[in-house]
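Novice: Here it is, the structure, as structure tokens.
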Amino acid sequence: MSNMIEGNAVIGQSGGPTAVINQSLVGAIKGLGHHGATRPGHPITRILGMRHGVRGLLEDDLIDMTDFEDARLDRLAQTPSAGLGSTRDKPDQAYCEKILKACEKHNIRYFFYIGGNDSSDTCRIVNELSNAIGYDLRCFHIPKTVDNDLVGNDHTPGFPSAARFVALACRADFMDNISLPGIKINVIMGRHAGFLTAASALARRRDRHEGSTDGPQLIYVPEVVFETERFVQDVAEVFDAKGRCHIAVSEGICDAQGNSIGAQLIAGQTDDHGNVQLSGSGALGDVLSDLLKEKLTPAGGTPPRVRADTFGYVQRCWPDASRVDAAEAHGVGRFAAELAASGEVDGSVAIERVSPIGSAQPYAVQYKRVDLSVVAGKTRHMPEYFLDGHNNVSEMFLEYCEPMIGRLPVFERL
């Protein structure tokens, strides 16, 4: 404790909720408690929670979590969504100056923020401002995002649970598709990165991988240019061969100029980040359905049966979390507490895989500190070796994902 300073700790949650974000909250609180925080003589005197992220800090909407009983924390850890509430505020320099003033007002010296790219950027700006004025504030970013798009991480807490949901939903939906054949489109989260949409490939039966035509047969992610004519041709080939076609499409698919196809279709409101709320609309699925009906209807014939679902927000907090994800989400929170207790002054927690993808070694990870600037405001994309052509994922991607999501039920086929 020689390098620690006296004051309060504050913790908040930001961005889209997940099935395991409360694990990180509890991990940080219990981790601080493990190192003696809030006990007599310890530099950290109280642990405060921000209601709805940094907005709660600015509005003095804080909850004292210092004396929460373990039983209550354990229930909270198992509860999906953000227990403290979240925010989509995108703090700029002026906003972060207000955050810093609020920290001074409440004698906050330890600032923990659970979230994705923009949350890490908030930590970075607040950290730089505090350093500039000489206010000793320790800032720690705890990773979270179902998009799996944080730089410096093998994967991100929240993604494995959402990937598990996508795999299960697509596996069940494929069974529906072969019962009543037709063309089915599932639009899946992923504005800039295709990891979650790619996880739909886990729906395919692995015991029939070689030569299997299990759905989804076609997978489209933002990392590959989406061409409508090629899309129609892809679907036609599968539909002609099978009499049905099962498709997974990322909400963030883009044209050759990098323009989001979904955003062009949706005349909706944007958030503080300038993002159109793609997951709140079925427009992309509807347009793709109409396109297929138009292009695949034979002259004088009947249009094919085409349906589309937008999975939307239900992907994020489905209460069937991956056990690995829950443990790792707790672990990154606890590791952030360890960084603070060891005298570190800032940083982001990252997950590093220590067993090579696809190796015979048991799956294992470790947590490490990386500079806030490594993660802040940056987006990680699917690497080429996770892709197979323009409408599929590689075997390596499946081997990457499988250990994280846990066993899936096997459905019998006649």
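Novice: For Asn117, are the conditions met, namely being polar (S, T, N, Q), surrounded by fewer than 24 Cβ atoms within 10 Å (Cβ to Cβ) and more than 23 Å from Met4 (Cβ to Cβ)?
Specialist: yes
Novice: Also, quick follow-up: Among the candidates Ile108, Ile114, Ile219, single out the residue that is closer than 19 Å to His246 by Cβ and in contact with a strand residue (DSSP E or B) (Cβ under 6 Å, 6 or more places away or on another chain). Outline the logic, then answer.
Specialist: Details: Ile108 fails: closer than 19 Å to His246 by Cβ; Ile114 fails: closer than 19 Å to His246 by Cβ.
On inspection, the qualifying residue turns out to be Ile219.
Novice: If Pro17 satisfies every condition in (1) farther than 17 Å from His330 by Cβ; (2) part of a loop (DSSP other than H, G, I, E, B); (3) at pLDDT 95 or above; (4) under 28 Å from the mean Cα position of the chain (by Cα) but one, which is the exception?
Specialist: Going through the list (1) farther than 17 Å from His330 by Cβ; (2) part of a loop (DSSP other than H, G, I, E, B); (3) at pLDDT 95 or above; (4) under 28 Å from the mean Cα position of the chain (by Cα), Pro17 breaks only (1).
Novice: Moving on. Mind checking whether some residue in the stretch 78-92 is of a type in the set (S, T, N, Q) and over 24 Å from Ile21 (Cβ atoms)?
Specialist: No, every residue in the stretch 78-92 fails to be of a type in the set (S, T, N, Q) and over 24 Å from Ile21 (Cβ atoms).
Novice: Take Val370 and tell me if it is in contact with a Pro (Cβ under 8 Å, 6 or more places away or on another chain), surrounded by fewer than 21 Cβ atoms within 10 Å (Cβ to Cβ), of a type in the set (A, V, I, L, M) and not assigned by TED's automatic domain parsing to the domain that holds Gly190.
Specialist: no
Novice: Keeping to the stretch 346-367, report how many residues are of a type in the set (Ser, Thr, Tyr) and either touching an Asp or Glu at 6+ places or on another chain (Cβ under 7 Å) or modelled with pLDDT under 95 (or both).
Specialist: 2
Novice: Evaluate the stretch 325-345: report whether one residue or more is modelled with pLDDT of 95 or more, in contact with a helix residue (DSSP H, G or I) (Cβ under 7 Å, 6 or more places away or on another chain) and closer than 28 Å to Leu218 by Cβ.
Specialist: Checking the stretch 325-345: at least one residue is modelled with pLDDT of 95 or more, in contact with a helix residue (DSSP H, G or I) (Cβ under 7 Å, 6 or more places away or on another chain) and closer than 28 Å to Leu218 by Cβ.
Novice: Okay, moving on. If I go through the stretch 270-317 residue by residue, how many of them are crowded, with 19+ Cβ neighbours inside 10 Å, modelled with pLDDT of 85 or more, within 30 Å of the chain's Cα centre (by Cα) and not in a helix (DSSP H, G or I)?
Specialist: Here the count works out to 6.
The values are calculated or read from the model by the stated rules, or taken from the named source; none is laboratory data. Keep in mind the model is a prediction, meaning the values are calculated, not measured. Neighbour counts run over all protein chains shown; Cβ positions are idealised from the backbone, glycine included.
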